[in-house]
Structure formats: C-alpha cells, structure tokens
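Notes follow once the structure below has been shown.
The values are calculated or read from the model by the stated rules, or taken from the named source; none is laboratory data. The shown structure was predicted, so the numbers you read here are calculated from the model rather than taken from an experiment. Here the Cβ positions follow ideal geometry from the backbone for every residue, glycine too, while neighbour counts run over all protein chains shown. Remember, those area values only see protein heavy atoms, side chains included, never the ligands or the DNA or RNA. Shrake-Rupley method; radii C 1.70, N 1.55, O 1.52, S 1.80 Å.
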Amino acid sequence: MKIPSIQLMISKGMGYLKNPVSRNVMLIGVLTMIVKGFGFFKETVIASTYGLSEILDTFYIAVLIPNFINNVFLSAIGTVFIPNYVRESKVSNKLGAFQANGFAITLGISLFFTVVSVLVTDVYVEFFFKGHTDIYYQLIKSQFYYVVPCIVLWGISSLISKLLHLNNEFVIPVMSGILIPIAILLAILGLKDSAPELALALGTLIGSFLQLLVLLVFATRKKILILGVPNFKSENVKLMFAQLPAKVSSGFLTGLLPVTDQFFAAQLAIGSIAALNFGLKVPALLTTIAIVAINSVLLPFFSKQAVQSEKLAFQSLFKILRHLFVISLMATIVFIALSNPLVKILFERNSFTAESTEIVSKVQTIFLIYVPFTISGMVLVNFLTSINKNNFMALVSLIGASLNVVLDIIFMKLYGVYGIAICTTCVVIIRFLILLRYTIRLNNRVNRE
C-alpha cells in the first residue's frame, strides 16, 4: 500500500515541475528564501547591535511613511498596470507608449509624495507619537531624511520588476533585493561607533539606489524597456485609470493596519514597537517568500488567462488556492511549535535579553496564525486584480481598517502588545473569508452564463 502512495506523490511532484507556473513559483520561492535568509541575518545583526532600543523604535517610525507610500500608492500602479498592459498587447503594438504612461505616472506620484512627506513630517511625528523627548523626535527626523528619497527609487524599481516578470525574467528582480540588506550591514559595520543612529537609514538609501541601477541595466540589455511617447487616449489606459482609485483606496486602507498597530504600540512601554517588528520577522519571512512568488507569477498568469477565458481562470484559481492553503498551514504549525527556540537562536545575544525573547516569541506565535490566510488571500487579491474587481477589494479594506482600530483599542487594553498582534491576526482572517465568499459567488455567476 505504501509503494503506490509514494509513486503517486512522486508523480504529482513531477507534474508540478513540468507545469511552467508551478516551476516559476518554486523558482522565485527558492530565490526569495535566499534573499530573505540573508535579510534575516541582517535582522540578527540589528537585534544584537540595537536590542529593543530607542534608536530602533525611531527607525521603524522613520520608514513607516515611505513604506506606506510604497505599499499603497506605488504598488497600486504596478498591479493595475500589468493586467491592462496584457490587454493592450492583444490589441496594439504600441507598447512603448503604454510603458511610458506607467513610468510617467509612477515618477509623478513618487515625487509628489516625497515632497508631501518632507513637508508634513514634523507635524505628523509630534502629533501621532506624543509624549516623547526632543531627542526621540530628532532621531526620527534625521533618519527620515535619508529614507525619503527611497520612495522614488522603489517606485521605478517596482515597475521595472513587473515588466521583467511579464517577460518571464524572474532571477534578477528577486536577487537584486539582496543589495539592501548588504548595504545596511556595511553601514552598521562602518557607522556603529561614529553614527549608529544613521546606519540603518543610510544603508537603506544606498541599497535601494543600487537595486534600481541593477534592474535598469538588466532590463535595458534585455530590450524589455521600449519607452515611447506617453499616450493617455488608449482604452486600456483609461481602464487602468478607472481602476487606480479603487486599488489605491484598497492599498491605503490595508496599509493603515501596520500604521495603526505602531501608533497604539507607541503608547505602550519603550521597545513595544521593536517587539512587534521582531515578532513579525518569521511570519513575514514565510509570507514574503510566498507572496513575492505569487505576485511575480500569478498576476501575469491570471491576467493572460482572464483575457482568454474567465471560466478557465477560476478553475486555475481554486486549484492553486487549495494546494497553497494546505502547504502553508502545515508550515505554520511547525513554526508555531518552534517559536520560542527560533527567537532565542536568531536574536538572543548582547542587548537582546532572555526577557526580550519571551515577549517576542509570544508576539510571533500570534502573528504566525495568520500566515495561511495571508498567503491564500494574496492569491485572491491577484486574481480579483486581474479581472479588475478592485472596487470590492476597496470595500473589504475599509471594513478591515475600521475593524482594526476598534479591536486594537479593545485588545490593547486587555493584553498590551499581545493584544495588538491578536487584533491584526483576526482582521487578516476576516478579510480572507470575505474575499473567498465573494470570489465563489463570481465563479457561480460565470458558470451560469
């Protein structure tokens, strides 16, 4: 009985390897694991150097707005760009103009938000993070001014990466991500004695610049960049613009979750923000490996399938969803069982004490629960984006953001920093269930037609 079972498993495994979509997802997953593994090493160095300290808290606040802008506005442009770029390729050979549209919009929005961030940072920091010393605020601002130019660099890099993914070029876009942790490590090594409060921000800026440079050179050599004169009259450009407000709104509201969490964490003891961020490292590693692969492969894949046949696209979606949820659930159970030893091995040294390990491991366990729902939810988001259902996702994000504020207030009072983690996990699971129910209804509607 065992031999047929093993043969069946081998046969299925070989089938996955022969499938180009599965093969690309696994390739990117492995490459992302390498990059994130190096990034994790960087985090252990940061933990050893800074511990749960004021410098680390202020750095996380300094990068909060640039990361928010990148994840909300710049990511939205890229995700609505791809499906409509695919549609444009079916009806026109003027893709250079469409590319130019994407870069013009990305650059314009990046520069706008860079200027706005610089203008409002003083008011924002002192209003949202009240009750701290002048040194605390100065640490935030000094690091912020090094990080804020990354908004433009990240925006252009993201769009180039998506064009490379669309042309089945996956290795360089993923591996270029290793340049940021390398730059941060070198900055810590060079500045830990003279200017430790600037090392993280300066390393982030240098690494982001090098990443853009590598992507630009590679895309040019592969002749993937074919920029023309922008043309905003194309029907697919108009459709992209029509979808952009909903996608931005969805990303904005989703991006409010970590901002809200850090806002409430800042009202707790010093080190609470750092505890949340360290508690997120392992869950983020698991989800990022999957999400990078999913975003890189499945958005172009679903976009192409949806143009050919929506019914076929739905069939592919549910098959992928079942497999990913089971695999990610099994991985999550293993990591929950090993939560405390993992934190101890990865972070407990020098300024990161045994007490820090106890706090962070509990936060990490709570966050790990949402891993299967985050990964599966991102599959649904990519699918719904590919068929331009961004309006509903904006509504779901509004529900999630509102619920997050209410639950943060309730759970923070009951459980402190652990309550903030519980809130986030609950919101992620609820959002996934709403998106799944909506997608099933869409599928039933397509099958009736």
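What's the total number of residues in the range 116-144 that are more than 18 Å from Ala201 (Cα to Cα) and of a type in the set (A, V, I, L, M, F, W, C)? The number of residues fulfilling the criteria is 7. The residues of the range 49-64 that are over 20 Å from Pro258 (Cα atoms), assigned to a helix (DSSP H, G or I) and either open to solvent by less than 20 Å² (accessible area, probe 1.4 Å) or free of Cβ contacts under 8 Å to residues at least 60 places away in the same chain (or both) amount to a single one, Tyr50.
Could you say whether any residue in the range 376-384 is over 18 Å from the mean Cα position of the chain (by Cα), crowded, with 18+ Cβ neighbours inside 10 Å and hydrophobic (A, V, I, L, M, F, W, C)? No, every residue in the range 376-384 fails to be over 18 Å from the mean Cα position of the chain (by Cα), crowded, with 18+ Cβ neighbours inside 10 Å and hydrophobic (A, V, I, L, M, F, W, C).
Just the residues that are hydrophobic (A, V, I, L, M, F, W, C) and more than 21 Å from Ala284 (Cα to Cα), please, taken from the range 409-434.
Matches in the range 409-434: Ile409, Ile410, Phe411, Met412, Leu414, Ile434.
Taking the range 146-172 as the range and being surrounded by fewer than 16 Cβ atoms within 10 Å (Cβ to Cβ) and in a helix (DSSP H, G or I) as the test, only Val171 passes. Looking at the range 304-314, which of the residues that are in contact with a Ser or Thr (Cβ under 9 Å, 6 or more places away or on another chain) and either of a type outside the set (A, V, I, L, M, F, W, C) or at pLDDT 85 or above (or both) is surrounded by the fewest Cβ atoms within 10 Å (Cβ to Cβ)? Result: Lys304.
Has the range 122-140 got any residue that is at pLDDT 80 or above and among the aromatic types (Phe, Trp, Tyr)? Taking every residue of the range 122-140 in turn, at least one turns out to be at pLDDT 80 or above and among the aromatic types (Phe, Trp, Tyr). Cβ-Cβ distances below 8 Å connect the following pairs, each with a first residue in the range 25-48 that is within 20 Å of Asn277 (Cα to Cα) and open to solvent by 40 Å² or more (accessible area, probe 1.4 Å), a second residue that is hydroxyl-bearing (Ser, Thr, Tyr) and in a helix (DSSP H, G or I), and a separation of six or more residues or different chains: Lys36/Thr288. Considering only the range 86-123, state which residues are open to solvent by 20 Å² or more (accessible area, probe 1.4 Å) and either under 21 Å from Gln308 (Cα atoms) or outside any helix (DSSP H, G or I) (or both). Within the range 86-123, Arg87, Ser89, Lys90, Val91, Ser92, Asn93, Lys94, Leu95 meet the criteria.
Which of the residues belonging to the range 391-449 are closer than 30 Å to Ala306 by Cα and of a type in the set (D, E, K, R)? It would help to see each step written out before you state the result.
The first filter runs over the range 391-449 and keeps only residues closer than 30 Å to Ala306 by Cα, leaving 391-401, 427-449.
Within the range 391-449, Arg431, Arg437, Arg441, Arg445, Arg448, Glu449 meet the criteria.
Looking at the range 351-366, is at least one residue among the charged types (D, E, K, R) and within 20 Å of Cys426 (Cα to Cα)?
Step one: filter the range 351-366 for residues among the charged types (D, E, K, R), giving 355, 358, 362.
Within this subset, residues satisfying the condition of being within 20 Å of Cys426 (Cα to Cα) are 362.
Scanning the range 351-366 turns up at least one residue that is among the charged types (D, E, K, R) and within 20 Å of Cys426 (Cα to Cα).
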